[in-house]
Amino acid sequence: MIRSANDTFLRACFREPTPHTPVWLMRQAGRYLPEYRRVREQAGDFLGLCQDPDLAAQVTVQPVDRLGLDAAILFSDILTIPDAMDCGLRFVEGQGPVLDRPIRSPGDVERLPIPDPGAELRYVPDAVAASRRALDNRVPLIGFAGSPWTLATYMVEGGSSKTFGTIKRLALEDPDTLHGLLDKLTRAVIAYLNAQIEAGAQAVQVFDTWGGVLASRAFRELDLPYLRRVISGLRTTWDGTRVPKILFTKGGNGWLEDLADTGVEVVGLDWQTEPRQAGRRIGDRVALQGNLDPAVLYGPPERIEGEVARLLDDFGSAPGHVFNLGHGVHPDTPPEHVEALVEAVHRLSSRQ
Ligand code: CP3
């Protein structure tokens with residue numbers, strides 16, 4: 001059993017006391033860091049970077065070195081699974097992801113392979129292992145995957161979407177096909193996350209980025225049952241230690257109780273959720289992660305510090321808060337502002 005020198009993040013996930021509130025940030029590695037842009041250039045393109053375990057590990061460690069974060073998140077992407085399912089993934093400058101072979105018919109779903117994390121996706125557990133070596137047990141490493149619903153939106157729409165019209169139409173016209181896709185994605189995500197855990201990921205987060213675009217009844221039909229299945233299919237321990245699971249549904253404020261009841265240790269809150277209310281609703285069952293508006297990082301460091309103080313106060317001093325943003329760091333964020341944020345969280349939450 002190997003423990004990290006700084007285990008504040010894992011302790012907070014299990015609602016154990018910590019000397020300060022641990023902090024990590026969604027999209028903590030990425031374009032806002034000049035050192036990331038240099039490695040990305042070396043790799044050629046974004047997918048090439050994800051597929052090179054040593055370069056991915058280098059980028060995973062960069063924000064930990066610069067910012068003194070309490071956890072690292074694997075540098076990868078949720079779209080590795082659709083890529084390995086042969087959907088023809090490309091990232092187009094200024095447009096985001098494009099999938100050239102979208103999934104819309106029963107035949108499309110039938111033909112889809114469930115990728116083997118030991119074969120086509122081998123570069124992901126390899127990047128986990130390389131990142132663990134590069135971190136040298138300084139802080140824990142978080143693995144991740146997209147939720148089945150969120151992955152399905154990209155696969156059916158063929159990329160990002162504003163209205164989600166194609167997948168919502170499919171749900172109405174041919175629900176069996178959509179459920180067939182969600183079922184295959186559920187099996188793929190479980191195998192993928194368990195492979196990350198076995199390669200050394202010490203916690204895992206499920207990104208349900210597009211859960212919030214669903215009506216409540218549709219969320220209960222198309223998203224929640226598959227989230228439950230994913231969570232209950234994951235290893236609970238590895239190498240003698242418990243592996244906490246984090247679930248982040250953007251726009252999930254209406255369903256916090258359901259998210260907490262999936263069996264996760266931590267629920268991630270977006271920035272529209274009231275921390276005090278969330279604490280009253282589910283704080284006795286799970287740890288809470290979040291939820292600063294990433295746009296606050298545009299403000300001057302004094303304003304950032306003020307917002308950190310307010311948020312720490314809202315979450316309260318009881319164990320079980322992992323400081324994070326309510327969504328990912330924007331690419332045009334000044335790195336010094338992110339440094340100010342992490343420093344403020346550590347200083348203002350210090351309990352020694
Ligand atoms: O958090 C981290 O630091 C780990 C790395 C990470 C990335 N993507 C790197 C990335 C994580 C956890 C993700 C998850 C992800 N990817 C999500 C869920 C989280 C969320 O933001 O809601 C989603 C929806 C994706 C799909 C995706 N990948 C999109 C929409 C884009 C943006 C395309 C663009 O041009 O802005 C990506 C690309 C991507 N993933 C980048 C990074 C650093 C930018 C790539 C680059 O140009 O260097």
Looking at F248, V286, N324, which one has the Cα that reaches farthest to the positive end of the dipole of the range 216-352 (charges on Cβ: Lys, Arg +1; Asp, Glu -1)? V286
Before I look further, what does the range 8-349 give for accessible area per residue, probe 1.4 Å, in whole square angstrom? 39
Cβ-placed point charges (K, R +1; D, E -1), dipole of the range 8-349 about Cα centre in debye, nearest 20: 480
By its C-alpha gyration tensor, with a ≥ b ≥ c as the square roots of the eigenvalues, how is the range 271-329 shaped: rounded for a/c under 1.5, else prolate for a/b larger than b/c, else oblate? prolate
Eligible lysines near K184 by straight Cα distance, threshold 20 Å, same-chain separation 8 or greater: K168
Check: C-alpha center the range 183-248 vs C-alpha center the range 280-338, spacing in Å is 23
Length gained, D100-D86, 0.36 nm per residue minus C-alpha separation, equals 4.1 nm
Given a Förster distance of 41 Å, the FRET efficiency implied by the Cβ-Cβ spacing of R3 and A295, rounded to the nearest 0.05, works out to 0.70
What is the range 1-132's relative contact order, in percent, from Cα pairs under 8 angstrom and six or more apart in sequence? 24
For the pair D136 and R351, the simple spin-label estimate (label points 7 Å beyond Cα toward Cβ) gives in nm 3.0
Per the 1.4 Å probe, what fraction of the accessible area of the chain, in percent, lies on carbon and sulfur atoms? 47
Sorted by average packing, counted as other Cβ atoms within 10 angstrom per residue and highest first, what order do 27-33, 150-156 take? 150-156, 27-33
Added length on full extension, which subtracts the Cα-Cα distance from 0.36 nm per residue, D313 to D261: 16.1 nm
Most to least packed among 103-114, 66-77 [average Cβ atoms within 10 Å]: 66-77, 103-114
Taking R0 as 22 Å, what FRET efficiency do you get between R285 and R220 from their Cβ-Cβ distance, rounded to the nearest 0.05? 0.70
Between 0 and 90°, nearest 10: helix 53-67 axis offset from the chain longest Cα axis: 30
Potential extension, F164-T241 segment - 0.36 nm per residue separation minus Cα distance: 23.7 nm
Here FRET efficiency (C-beta to C-beta, Q42 to A119, R₀ 22 Å, nearest 0.05) is 0.25
Each label point is 7 Å from the Cα along the Cα-to-Cβ direction; what then is the distance between the points at R276 and E173, in nm? 4.8
Cβ crowding within 10 Å averaged over residues, with 15-22, 249-256 ranked highest first: 249-256, 15-22
What lysines could a cross-link reach from K162, if we take a straight Cα to Cα line under 20 Å and drop same-chain neighbours fewer than 8 places away? K250
S232 versus R303, label points 7 Å from Cα toward the beta carbon: distance in nm? 4.7
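The values are calculated or read from the model by the stated rules, or taken from the named source; none is laboratory data. This one's a predicted model, so the numbers in the text were calculated from it and none came from an experiment. So basically every Cβ, Gly included, is an ideal-geometry build from the backbone, and we count neighbours across all protein chains shown. SASA here: full protein model, heavy atoms, side chains in, ligands and nucleic acids out. Shrake-Rupley method; radii C 1.70, N 1.55, O 1.52, S 1.80 Å.
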